[in-house]
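Asker: One structure, pasted below without further comment.
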């Protein structure tokens, strides 16, 4: 059986981490998270105790959609909540986490001026994690 051809995979999500509980972040932002946990909760995946609170909002797209669309989608959710996010940005890390799995030929990302301006207005940082894969890393 042959594996399907390798393809780029990328996604982004909005992440809040810091003191307190994820419930308080939900109350401030006014959105239900895609995933959340508090310090001391057990990870459903690993069983280990979580060291910090984490609140996550997915973009709504799967990992076959270009990264720029994930970012645009997140900003669409977040821009109307500028006032709420400003209540968080001094005590919490507000991050658009971008993840990409790419063919070994290389890859770059361009964040246009409007995206950077909007992210700055909301107090957001970007974290870009990119991984390169070759045939022996591909499991189909």
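Just so you know, all these numbers are worked out from the coordinates, no wet-lab data involved. Bear in mind that the values here come from a model prediction, so they are computed numbers and not experimental data. Every residue, glycine among them, receives a Cβ derived from its backbone with ideal geometry; neighbour counts consider all protein chains shown.
Asker: Taking 0.36 nm per residue of sequence separation and subtracting the Cα-Cα distance, how much length would be gained by fully extending the chain between residue 109 and residue 21, in nm to one decimal?
Answerer: Result for the pair: 28.4 nm of gain on full extension.
Asker: What nm distance separates the two modelled labels at residue 93 and residue 63, each placed 7 Å from Cα along Cα→Cβ?
Answerer: 2.1
Asker: May I ask you to derive the relative contact order of the chain, considering only C-alpha pairs under 8 Å and at least 6 residues apart, and to give it as an integer percent?
Answerer: It rounds to 32 percent for the chain.
Asker: Report, to two decimal places, the Cα Rg of the chain normalised by 2.2 N^0.38 Å (N = number of residues).
Answerer: 1.16
Asker: Ranked from highest to lowest mean number of other Cβ atoms within 10 Å per residue, what is the order of the peptides 55-61, 125-131?
Answerer: Sorting 55-61, 125-131 by mean packing, highest first, produces 55-61, 125-131.
Asker: What does the helix-only formula give at 222 nm for the chain: each DSSP H stretch with n ≥ 4 adding -39500 (n - 2.57), the total divided by the residues, and the result rounded to the nearest 500 deg cm²/dmol?
Answerer: The per-residue figure over the chain is -7000 deg cm²/dmol.
Asker: Give, in nm to one decimal, the length gained when the segment between residue 79 and residue 48 is fully stretched (0.36 nm per residue of separation minus the Cα-Cα distance).
Answerer: Contour length minus Cα-Cα distance gives 7.7 nm.
Asker: Something else now. With everything on Cα atoms, drop me the angle between helix 113-122 and the longest principal axis of the chain, reported from 0 to 90° to the nearest 10.
Answerer: Rounded to the nearest ten degrees, it is 40.
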